[in-house]
Structure formats: C-alpha cells, structure tokens
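Notes for the one structure printed next.
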Amino acid sequence: MRKLLVFLVTAVALSAQARFEFWPGTVYDPAVPTFEKVLGYGAGEKLASYSEIVQYFDALAAASSGRMKVYEYAKSWEGRKLFYAVIASEANHRRMAAIQADIKKLADPRKTPDAEAKRIMAGLPAVVWLGYTVHGNELSGSDAAMLTAYHLLAARNQKMVADVLANTVILIDPLQNPDGRTRFVNNFEQAYGIEADGSAVAAERNEPWPGGRSNHYLFDMNRDWFALTQPETAGRIKMMLEWFPLVAADLHEMGSESTYYFAPEAVPFNPHLTKEQKTSLDWFGKNNAKYFDQMGYSYFTREVYDAFYPGYGAAWPAYHGTIAMTYENAAVRGMLYNRLDGTAYTFKESVKRHFVTSVATCEAAANYRTQLLENFWAYRKSAVEEGRTEPVKGYILSRKGDGSAADKLAELLVTQGVEVGKLASGAQGAPDGSYLVSLAQPAKRLIRTLLDKNVELEKDFAKEQERRRRKKLSDEIYDVTAWSLPLQYGVEAIPVSALPGGAAPFTGARPKPAAPPKAQVAYFVPWGTQAAGQFLTAALRAGLKVHTLEKAFVQNGRTFDRGTLAIKVADNPANLHDLVVKAQGYAEILAADSGWVDSGINLGSRSSFPMKKPAIALAWDRPVSANSAGAVKWMLERQYGYPVTAVRMTSLATADLNKFDVLILPDAAGDYATALSAGAIRRIKEWVANGGTVIGIEAGVSFLADAKVGLLATAPEQLAVEKKVDPVKPDASGQVPGKVLSSEAEFLQAIAPAQDRLDTVQGILGVAKTDPDHWMTAGVAPAVTALVGGRTVFTPLKLNAGTNAAYFAGTEQLVVSGYMWHENQKQFAFKPFVMVQPEGRGHVIGFTQDPNFRGYMDGLNVLFLNAVFRGVAHSR
C-alpha cells in the first residue's frame with residue numbers, strides 16, 4: 001500500500017509535464033514488456049526496489065525471443081542474488097558458447113597463433129560490461145540498467161540498436177550492491193510524504209547511519225576489486241574472467257550540484273596502462289558527448305576521477321586489456337532535488353543521463369569492434385613479450401614467516417586470472433612450497449600493478465600537487481597512492497632475473513598441514529600466523545582452555561617463540577584431540593608427550609597466561625566511521641569466525657559494560673567526547689579500571705587521549721616548525737616595518753598563512769618497528785607495514801605511562817610505497833603506531849592508523865588479534 005501511494009503521488013506530480021522521451025523518436029516493440037506493464041509505473045517514476053529489479057529483468061528475459069539471458073554470479077551477505085543479463089542477437093546467442101571459447105583463445109596469445117587470432121577476430125563480437133550501483137545510494141544506475149535492457153530489446157526503428165546487437169555482446173550488471181540499495185530505499189519510503197521533497201535537508205534524501213553506499217559489512221566495494229574481501233566482488237571477478245570484456249563502464253553518482261562526468265580520465269594514470277588504452281577512451285567520450293550535445297546536457301572530462309588506483313571497477317579490468325571507464329551522474333538521492341540555481345532536478349532526468357551514456361557506449365563498441373579486438377590481442381601479446389624481455393622475470397612469494405599469508409596471497413592471485421606455480425624446493429632463500437609468479441603471461445601488467453613494491457605517480461602530477469600546496473589549494477590526489485599485496489599481507493616478494501625450475505601449476509587449493517598425533521601432555525600452536533589466529537578463535541568458541549606462553553622455549557630441538565598457544569590435555573575434555581583437529585584449519589599444531597623442555601619456560605611458568613573467550617563490544621552509529629567499524633566487524637567475524645556485538649552509541653551510556661571484556665572504538669567522522677555524555681565517559685573509565693580492554697582506532701585514540709577522558713597519556717601534535725616566526729605587529733600608526741621581496745619564493749613565503757597542522761595525506765604504506773619485549777607484539781615481525789594517512793600525529797608514551805608497542809621508522813625509512821608530503825614524513829617518523837597503557841586492572845590500546853583498513857592489511861591481523869585476545873589475557 002505504501003509503495004502504491006508513493007507511485008500515485010509522484011505520477012500525479014509529473015503528469016503536467018510534457019511527454020518525457022528517454023530516446024526521442026524511438027518506436028518500441030509492444031511484445032517487449034514495459035516498466036508499466038511489469039511494475040505498474042514508468043521508468044524513473046519511482047525508486048525501483050531490489051525485488052522489482054529482479055522481477056523486471058526476469059520479465060524481459062522471458063519475452064526476449066532468445067536475445068537475453070540472465071545469470072546469477074554471487075549472493076550478498078544478506079542473501080540477495082547478484083546477476084547479470086547477456087543481450088545479443090539471436091544468432092550470437094545461439095553460438096554464445098563458441099564466442100566465449102574464442103574470447104578465451106584470444107586472451108592467451110601463447111596458445112593461439114596469429115593466423116587463428118585473425119580468423120577469430122573477423123567474426124567475434126565485442127563484449128561490453130555495464131555495471132551499475134556498486135554504491136547502493138547511487139540510485140539512477142539500476143533504473144538506467146533496466147531501461148537500457150528494454151531499449152536494446154524493444155527499439156524497432158533504430159539501425160544503431162540493430163548494429164549493437166549484431167556486433168556486440170552486452171553484459172548488464174544492474175545492481176552490484178543490493179544490500180546497500182535496499183537500505184537506502186527502505187529509508188526513503190519510510191520518510192516519504194505526500195509529494196517528493198527536493199529540499200537538501202529532507203529526511204527522504206538524507207539517509208541515517210551508515211547510509212546505503214556500502215554493503216552489509218559497510219565496505220566500499222568500489223575499492224575492493226583486487227582485495228576481493230566481499231562475496232559480491234569475488235563473484236564479479238569470476239564473471240569477468242569468463243568473458244574478458246573489451247569495454248567496461250562502471251556507472252556512479254556524485255554531488256547533486258554537479259553535471260555529468262565521462263572518460264577520458266584525469267591524471268594521474270597508472271603507468272601499467274598502455275598508450276592504446278588511453279587513446280581509446282576518446283572513442284567513447286566523443287560518442288557520449290555527441291548525444292549530450294544534442295540533448296543539451298552539460299558534462300566534463302579529464303577532471304577529478306583518475307586512473308591510478310587499481311581497486312576500482314573502472315580500473316581492475318584494464319589490467320587484463322579492457323578499456324575501462326567511470327561515468328559519474330549528478331545524484332538526486334530521491335525523486336527530486338531543488339538545485340541552488342532554482343531548477344528542479346528529477347530522478348527521471350538522472351536516469352535518462354545514465355541511460356544515454358549506456359547506449360552510446362554500446363554503439364561506440366560496435367563501431368570500433370575491429371580496433372578493440374586488435375588492441376586487446378596486442379595488449380595480451382605484448383604483456384607476454386614484456387614479461388620475457390624485461391630484467392625482472394617474475395616474483396617468488398616466500399612462505400618464510402607466515403606461510404598461511406603466502407598461501408592466501410597465491411590463491412588471491414589465481415582467483416584474479418594470474419598463473420602461479422608452486423616450488424617443490426626452495427629458491428632465493430625462500431623455503432620449500434613457496435610460490436613462483438612468472439611475468440611472461442597475459443596478466444603481466446596486473447601482476448606488476450599488484451606485486452611491485454611501489455607504483456610511482458607521474459612526476460609532473462606530483463610536482464603540480466606540491467605547487468598547489470604552496471598556494472594553499474587543495475591537492476588533486478583522489479585516493480591512496482600506495483598498495484602492494486606482498487607488503488599488505490606481510491609476505492616477502494622476491495624479484496628474480498631468472499625463473500627457477502621445478503614449479504608445478506598452483507590451482508588455488510591451499511596446502512593443509514597434517515593433523516597432529518594424539519598428545520599425552522599438550523598441543524602447541526606456534527603463534528604469528530593468520531592460521532594460528534583462526535585456530536585460537538575456533539578453539540575458544542569450542543570451549544577449549546588455551547594458554548599463551550609469553551616467553552620462548554625449546555622442546556625436542558624445536559624453538560617455540562613467545563606467544564605460542566598451549567592446550568593442556570589435563571585441562572580439557574577427554575575428546576580434546578578430536579576438538580583440536582576440528583579447529584585446526586591451516587594451523588601448524590604439534591603434540592607434546594612431556595612437559596619437559598630443553599630450555600626456556602615450562603607449561604607451569606608465571607609467563608603462561610590463560611586466554612579467555614572475550615565478549616567484544618564495537619561502537620556503532622554516528623559519529624563512528626561506517627567503513628572503519630565495518631572493517632573491524634568483518635575482520636573478526638569473517639576472517640576469524642569470532643562474533644562481535646555492535647552497540648549503538650546511544651546505548652553506550654546505559655549498557656552494562658561488565659558483560660563485555662573488550663570495547664572497540666573505530667575511527668570516527670566526529671568527536672566521541674562530544675557524542676558521549678560525562679556519565680558515559682566515567683562508566684567507560686571505571687570499566688577499564690576494573691579489568692576491561694578498550695581499543696581505539698585513529699579518532700578513537702583522540703578520544704582516549706582527550707583531557708576529559710584521560711585514558712591514554714598521549715596527545716595529537718601541532719605542526720612542527722624548525723624556526724617559529726612571530727607575527728609583526730603594527731606600530732601606533734598602524735604600519736609595519738617594510739620588507740623587500742626579491743624573489744618569487746620570498747613572495748610565496750610572505751603570503752603563506754600561519755599553519756598549525758600538517759596537510760592531509762591520502763594514504764601511503766609505511767614501516768613501523770615493533771617492541772620485542774611486549775606481549776602486544778607476540779608473533780609479530782620486527783617491522784610491519786601500515787597504511788598511513790590523514791594528518792594526525794600523536795606524541796609517544798613515556799616509559800612510566802605505557803609502551804609504544806609499534807612506532808614508525810625514521811624519515812628516510814618510513815615510506816616504503818606511495819607519495820607523502822615531506823613535512824608529514826618528517827613528523828610521523830618515530831611516532832607511535834600502537835600504544836598500550838595499563839589502567840587499573842585493564843588496558844588501553846591505541847592504533848593511530850587503522851590496522852583493518854579496507855580489509856586488505858592482512859599483515860596486521862596478528863597485531864590486532866593480540867590487542868583483542870592478549871589484552872584480555874593480561875588484564876586482571
């Protein structure tokens with residue numbers, strides 16, 4: 001009834017307008033069902049729900065006479081299916097299996113001779129992927145996807161559509177984020193009144209926390225394309241590798257006062273993109289511009305949206321040879337928006353813009369089919385040749401240290417279409433079972449992009465950003481400037497100039513260690529690996545009593561480092577062996593038939609601490625950062641199978657914290673100290689003093705260090721200046737002493753305002769050193785890699801207050817990847833990354849940078865697990 005009311009009111013409001021044509025002059029086949037016939041409303045007259053989108057695509061497929069089929073490729077965390085529609089001529093659909101087989105032949109020039117490739121290209125259609133609404137609150141995309149499918153199936157008097165169907169295969173991915181869109185639409189319908197409200201502050205347009213942009217675990221899935229942390233992204237990558245589209249357009253929305261953006265992209269470009277890929281963008285940009293000019297729509301190109309970071313939907317496909325593009329539409333965020341210039345911008349108009357560029361993209365792909373195929377073939381072929389001739393021939397991914405992290409990284413690469421080998425014997429200092437990634441393969445540029453330690457920004461672009469900073473203009477860096485999967489996973493990637501032999505193809509099935517024999521005294525699990533962390537959480541949830549041995553020992557010639565887990569037979573049930581094997585996963589477990597050790601501590605040592613099964617509370621709702629909170633929850637629940645209780649900020653004031661052992665305060669977009677009452681702050685402090693462990697991340701650290709809170713003896717720093725210059729004060733006449741400016745540099749210095757904070761850094765990978773004597777760093781390497789961003793630097797803890805368990809390296813060693821302002825680099829040096837402060841019987845732990853950023857900083861997992869589980873073990 002509610003949905004019917006929304007539709008009726010909107011329909012009446014729009015009925016007075018002139019007849020709205022999405023593609024003027026088109027005659028449509030009445031046999032193809034319209035929006036009205038299937039859903040009861042016209043295109044753009046309502047925000048289509050997830051179920052309505054599914055319903056309409058099913059109806060189109062049923063009536064398409066063999067020109068459209070729908071395939072499921074994934075399920076969201078909330079159980080909604082993700083699907084794509086394949087649209088082509090009936091003739092091409094009848095030979096679709098052969099088309100896909102030929103595409104895969106063309107994708108591997110090592111197996112396909114030039115003559116066969118030429119024959120294949122002569123008759124192969126161009127595959128085009130159109131992806132919509134990866135951000136669930138960017139609404140016009142899904143409705144434009146439905147309209148695009150209808151237009152391609154029903155338009156009868158357009159030669160262009162006939163050419164598209166004959167010369168392309170169109171993959172329409174209409175709703176990449178069904179959970180996020182459902183969240184937005186539900187709020188919109190709950191807040192809707194008797195007519196559409198275009199006010200910028202209308203509740204129907206302003207979504208409550210966490211908003212619809214992200215998915216169930218509050219991830220921005222347009223940053224997840226190489227990390228593949230979310231099932232929606234993983235399924236999409238698998239689909240992409242089944243089709244190898246020549247063209248990919250990812251359709252988004254931006255601010256409501258904007259116009260429309262399409263390719264070419266802004267600088268900087270990733271250096272692993274080819275010249276042909278960059279110039280091909282003009283084909284699509286010009287075709288979009290042609291129709292926008294005809295329809296009187298404004299647009300812009302080559303600004304804001306760059307092609308540097310490889311984790312976008314408009315980036316990752318490019319490293320397999322695709323022409324990948326972002327389209328950005330001005331958002332309505334509802335049915336109507338009243339712009340500052342007094343014009344009314346409707347949802348229907350926003351749908352039309354995305355619809356027009358969708359069709360125009362298909363047309364350009366059909367027109368340039370031959371060139372696109374030739375460029376794709378040349379791209380894949382040149383990638384192989386570069387891999388054979390360049391000095392670095394490949395990478396060895398060493399299993400030294402955390403072998404389970406190397407296994408996971410190798411599996412991740414295979415999932416993305418990279419060929420990986422497994423070495424039977426060690427090489428270059430890497431142990432047996434390490435992995436070899438040869439660069440002489442079609443995915444060579446993807447490999448370089450993901451495995452190289454650093455991908456450099458264009459020098460001219462970096463120089464321009466420094467010039468802008470000097471003039472106090474905002475920089476144009478859109479996202480992080482650093483990523484490197486080996487650094488992020490804590491895996492050593494060894495470049496080799498000659499490939500070692502003996503590598504067998506790795507299919508992605510991780511090696512599982514042998515189960516331990518039945519122990520007489522205890523089971524030992526060496527700490528410091530993701531696999532050991534997964535065992536710990538499984539063992540605690542199974543009710544096993546686990547101890548941590550906080551000093552090293554040697555038994556039967558085997559050295560066990562500090563942090564080793566011990567599961568004593570005498571403390572646990574009679575079926576302990578079965579429970580240990582069930583919880584093992586990929587962890588190494590050793591059976592001990594004696595408590596005697598060669599050296600070091602024994603099981604009964606005072607350095608043996610029981611590991612409690614902690615109850616974890618996570619701050620939730622404003623002002624908490626949705627991405628940061630989601631990453632914590634996902635990491636603990638999905639990476640390590642351990643439940644977390646999300647507690648809304650309004651409940652923290654009254655919740656019985658004594659039912660929890662750990663409270664996590666993620667990063668925030670506002671101030672915790674303002675959001676929490678004095679009483680709530682007092683109760684948190686009392687809880688910590690009584691044995692609780694509170695963990696702050698970024699803004700959470702600022703809260704813990706706030707003078708009103710006083711839980712962490714640190715403070716955010718002002719900008720460090722080498723020589724402070726006092727401002728010149730006017731004399732009694734109002735004048736100041738004269739000064740001669742003899743250069744442009746002196747002029748710039750004279751007009752520079754006083755600055756008390758660092759400029760913001762988007763994100764680099766930086767080195768942090770760890771304290772080898774603190775339980776917080778058990779199982780952690782002497783140095784770790786952190787994602788360092790923002791501009792907040794904290795003072796180190798004094799020795800009598802606590803421990804700087806991890807601190808950033810010196811100025812020259814800090815930045816291992818990415819671009820960082822020099823002032824930031826100097827001031828971040830030797831400042832804390834992780835702080836631990838005892839407070840009464842509890843602990844206060846601060847991460848000055850987010851260790852769970854985007855879910856892809858796996859190399860910091862053990863450090864964060866130590867904070868959660870060892871913090872409780874060491875509280876009284």
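Per the conditions (1) outside any strand (DSSP E or B); (2) within 26 Å of the chain's Cα centre (by Cα); (3) closer than 30 Å to Ala532 by Cα, the sole criterion not satisfied by Asp773 is (2). Scanning the stretch 260-303 for residues that are polar (S, T, N, Q) and either in contact with an Asp or Glu (Cβ under 7 Å, 6 or more places away or on another chain) or touching a residue at least 60 places away in the same chain (Cβ under 8 Å) (or both) gives Asn270, Thr274, Gln277, Ser280, Asn287, Asn288. Restricted to the stretch 185-216, and to residues there that are closer than 30 Å to Met635 by Cα, open to solvent by 70 Å² or more (accessible area, probe 1.4 Å) and assigned to a loop (DSSP other than H, G, I, E, B), the residue that is modelled with the lowest pLDDT is Asn206.
Residues in the stretch 424-455 that are surrounded by fewer than 16 Cβ atoms within 10 Å (Cβ to Cβ) and either of a type in the set (A, V, I, L, M, F, W, C) or on the phi < 0 side of the Ramachandran plot (or both): Ala424, Ser425, Pro431, Asp432, Lys453.
Within the stretch 615-630, identify whether any single residue is hydroxyl-bearing (Ser, Thr, Tyr) and open to solvent by 20 Å² or more (accessible area, probe 1.4 Å), and answer yes or no. So far as the stretch 615-630 goes, yes, one or more of its residues are hydroxyl-bearing (Ser, Thr, Tyr) and open to solvent by 20 Å² or more (accessible area, probe 1.4 Å). The one condition from (1) more than 30 Å from Pro526 (Cβ to Cβ); (2) buried (at least 17 other Cβ atoms within 10 Å of the Cβ) that Gln749 does not meet is (2). Among strands (runs of 3 or more DSSP E) entirely within the stretch 280-383, having at least 1 residues that are open to solvent by 50 Å² or more (accessible area, probe 1.4 Å) and not charged (D, E, K, R) singles out 336-338, 344-346. Among the residues of the stretch 556-599, those that are surrounded by fewer than 17 Cβ atoms within 10 Å (Cβ to Cβ), touching a residue at least 24 places away in the same chain (Cβ under 8 Å) and either within 16 Å of Trp527 (Cβ to Cβ) or within 35 Å of the chain's Cα centre (by Cα) (or both) comprise Arg558, Asp561, Val581, Lys582.
Close contacts from the stretch 502-524, counting a first residue that is more than 23 Å from Gly433 (Cβ to Cβ) and a second that is among the hydroxyl-bearing types (Ser, Thr, Tyr), with Cβ to Cβ under 7 Å and a gap of 6+ residues or different chains, come to Val521/Ser594. Filter the stretch 44-62 for residues that are in contact (Cβ under 8 Å) with a residue 60 or more places away in the chain and assigned to a helix (DSSP H, G or I); which is nearest to the chain's Cα centre (by Cα)? The extreme case among them is Tyr50.
Criterion applied to Arg648, Arg638, Arg606, Arg562 was being among the charged types (D, E, K, R) and under 21 Å from Asp671 (Cα atoms), and the one residue passing it is Arg648. One residue stands out in the stretch 823-845 among those that are open to solvent by less than 30 Å² (accessible area, probe 1.4 Å) and of a type in the set (S, T, N, Q): the one that is nearest to Leu711 (Cα to Cα), namely Gln837. Looking across the stretch 148-166, the residues that are of a type outside the set (Val, Ile, Thr) and either within 21 Å of Asn215 (Cβ to Cβ) or open to solvent by less than 10 Å² (accessible area, probe 1.4 Å) (or both) come down to Ala149, His151, Leu152, Leu153, Ala154. Looking across the stretch 222-241, just one residue is surrounded by fewer than 22 Cβ atoms within 10 Å (Cβ to Cβ), closer than 15 Å to Pro178 by Cα and more than 13 Å from the chain's Cα centre (by Cα), and that is Gly235. Please verify whether Phe219 is closer than 21 Å to Asp179 by Cβ and either open to solvent by less than 30 Å² (accessible area, probe 1.4 Å) or not charged (D, E, K, R) (or both), treating the condition exactly as stated. Considered against the rule, which asks whether it is closer than 21 Å to Asp179 by Cβ and either open to solvent by less than 30 Å² (accessible area, probe 1.4 Å) or not charged (D, E, K, R) (or both), Phe219 comes out as yes.
Counting the residues of the stretch 795-816 that are open to solvent by less than 20 Å² (accessible area, probe 1.4 Å) and either in contact with a Lys or Arg (Cβ under 6 Å, 6 or more places away or on another chain) or assigned to a loop (DSSP other than H, G, I, E, B) (or both) gives 5.
The values are calculated or read from the model by the stated rules, or taken from the named source; none is laboratory data. Values in this document were obtained by computation on a predicted structure and should not be read as measured data. Neighbour counts run over all protein chains shown; Cβ positions are idealised from the backbone, glycine included. Remember, those area values only see protein heavy atoms, side chains included, never the ligands or the DNA or RNA. Shrake-Rupley method; radii C 1.70, N 1.55, O 1.52, S 1.80 Å.
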